[in-house]
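Colleague: First, the structure itself, so that you have it in front of you.
The values are calculated or read from the model by the stated rules, or taken from the named source; none is laboratory data. Only a predicted model underlies this, so the values are computations on that prediction, with no experimental measurement involved. Ideal geometry is used to build each Cβ from the backbone, glycine not excepted, and the neighbour counts take in all protein chains shown. Each accessible area value is taken on the protein alone, full model and side chains, heavy atoms only, with ligands, DNA and RNA left out. Shrake-Rupley method; radii C 1.70, N 1.55, O 1.52, S 1.80 Å.
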Amino acid sequence: ESPPPLGSPAGSLPLRHTAEATLRLLVVPTPPRKKRVLWDQFHNVRYPVGFFPRDNLDDHDEALDWHGDHVHTNFHGLYDHLREKGFFVEVLSTDFTCFDAEQYGTLLVVDAEEEYFPEEVEKLEHDIRNGLGLVVFADWYEQDVLEKIRFFDENTRDYWTAATGGANVPALNDLLRPFGVAFGTRTLTGSFKDGEGHRKVRFLSGSAIARFPAGGRVVTRSMNDQASSFLNRGSHEYQVSIAGVVQPADSKGRLAVYGDSNCLDSNHMRGGDCYWVLDSMLKYTMDGAIDETMQDLSTVLKEGMLVDKDAGLEPKRRPNCETEMRKYSKVIGAGKKPQCATKKSAPETAG
């Protein structure tokens with residue numbers, strides 16, 4: 001509906017037109033479980049809700065993580081890649097108590113900033129014990145760096161303190177603790193190649209693995225302590241585990257972890273993607289197969305990694321971090337409970 005043409009007599013009726021649009025959808029039978037990937041969107045929190053810092057500390061042009069962290073925005077390249085590989089990707093916009101794990105092969109958690117309900121941790125442990133795969137791509141979290149990037153905002157006339165790091169590593173460690181897995185607190189950077197030396201991945205402002213169970217496979221490489229340079233403390237290099245895969249004891253499911261998410265981010269990757277690393281991880285979490293890529297990259301831990309000091313101790317939440325997160329979190333707000341602790345809902349379908 002629009003106003004009458006210019007110059008029409010007073011009282012003229014508005015112009016009305018009816019438009020029709022045809023929507024055509026591709027409908028397929030429910031895919032097999034091993035082809036279904038569930039993307040965790042619920043645990044992503046971003047600017048402008050609060051100050052959530054950039055994932056790559058060397059990217060000085062952007063202070064904030066504002067790209068959306070969604071498979072239809074800065075992770076669209078990853079989404080396209082997974083579809084080309086024959087996977088069906090769905091987006092979970094509610095907490096972990098809301099989905100039926102028996103319908104999905106792998107839950108994909110990438111660059112998560114949100115906290116977790118205790119019920120979510122308990123349910124996910126149960127789901128993995130019963131066959132669900134879990135892939136986690138983390139990011140940096142170091143308290144001294146969080147203090148360093150605090151700044152005065154001219155618009156609000158107030159100091160902005162980051163609610164968490166590039167990812168909420170303490171929360172991710174809570175999620176992974178039942179399986180003996182944890183990330184450390186050092187912020188590391190470096191690169192590595194595949195077994196044939198053809199494909200290179202840059203590890204940008206990521207976390208290394210501080211704990212991992214015996215029998216798992218880890219990818220160990222030499223990395224630079226980026227935080228030392230960032231904080232003007234000189235240059236240090238450590239031999240650390242940046243990725244790992246394991247089937248926990250008494251578990252039908254398997255999990256894979258990697259310390260950096262920039263190599264999956266279409267807007268932030270530098271020097272190439274790591275889709276091939278994710279492919280290898282999905283091969284493991286879906287089928288239990290250690291493919292040639294993972295065999296070339298990793299070694300088996302004969303003894304469990306209790307605490308890797310080179311990776312840094314497990315990071316603790318900053319004293320005021322919970323206060324900052326409380327302003328923006330869907331989880332730790334007063335009186336908050338899981339949205340569907342007794343009812344499972346369908347996830348948002350990724351078009």
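Colleague: In what sequence, highest mean first, do 171-183, 218-230 appear when ranked by Cβ atoms within 10 angstrom?
Modeller: Details: 171-183: 22.1, 218-230: 19.8.
With the highest mean Cβ count within 10 Å placed first, the list reads 171-183, 218-230.
Colleague: Turning to a different aspect of this structure: Could you tell me the largest-minus-smallest coordinate of the C-alpha atoms of region 240-329 on each of the three principal axes, in descending order and whole angstroms?
Modeller: On the principal axes, region 240-329 reaches 45, 36, 28 Å in Cα extent.
Colleague: Apply the Karplus curve 6.51 cos²θ - 1.76 cosθ + 1.60, θ = phi - 60°, to the phi angles in region 115-127 and return the couplings in whole Hz, x for Gly and Pro.
Modeller: Listing the rounded values in order: 7, 10, 5, x, 5, 5, 4, 5, 5, 5, 4, 5, 5 Hz.
Colleague: Rounded if a/c is under 1.5, else prolate if a/b is larger than b/c, else oblate: which is region 79-176, with a ≥ b ≥ c the root eigenvalues of its Cα gyration tensor?
Modeller: On the way: a/c = 2.58, a/b = 1.88, b/c = 1.37.
It comes out prolate by the Cα gyration axes.
Colleague: When a/c reaches 1.5 or more, the comparison of a/b and b/c decides; with that in mind, is region 200-273 rounded, prolate or oblate per its Cα gyration tensor? Kindly include the intermediate steps, with their values, before the conclusion.
Modeller: Values: a/c = 2.84, a/b = 1.54, b/c = 1.84.
Since a/c reaches 1.5 but b/c is at least a/b, the shape of region 200-273 is classed as oblate.
Colleague: Turning to a different aspect of this structure: Using amide H atoms built in the peptide plane, which far-off residues or other-chain residues are under 5 Å from PHE203 H to H?
Modeller: For PHE203, whose amide H was placed from the backbone, the distant partners under 5 Å are GLY190, SER191, PHE192.
Colleague: Work out Dmax and Rg for region 131-247 from the C-alpha atoms and quote the Rg first, both in angstrom.
Modeller: 16.3, 53
Colleague: Return the long-range amide H neighbours of ALA162 (sequence gap of 5 or more, or a different chain), with a cut-off of under 5 Å between placed amide H atoms.
Modeller: The answer is none.
Colleague: Round to the nearest 0.05 the FRET efficiency obtained for ARG129 and LEU26 when R0 = 30 Å and r is the Cβ-Cβ distance. Walk me through the intermediate numbers first.
Modeller: Working: r = 35 Å, r/R0 = 1.16.
E(calc), rounded to 0.05, equals 0.30.
Colleague: Just the accessible area for ARG202, please: 1.4 Å probe, Å², rounded to the nearest 10?
Modeller: 100 Å²
Colleague: A follow-up question, please. Using the alpha carbons of region 181-236, what is the convex hull volume per residue in cubic angstrom, as a whole number?
Modeller: Numbers: hull volume 4.9 nm³, N = 56.
Dividing the Cα hull volume of region 181-236 by its residue count gives 87 Å³.
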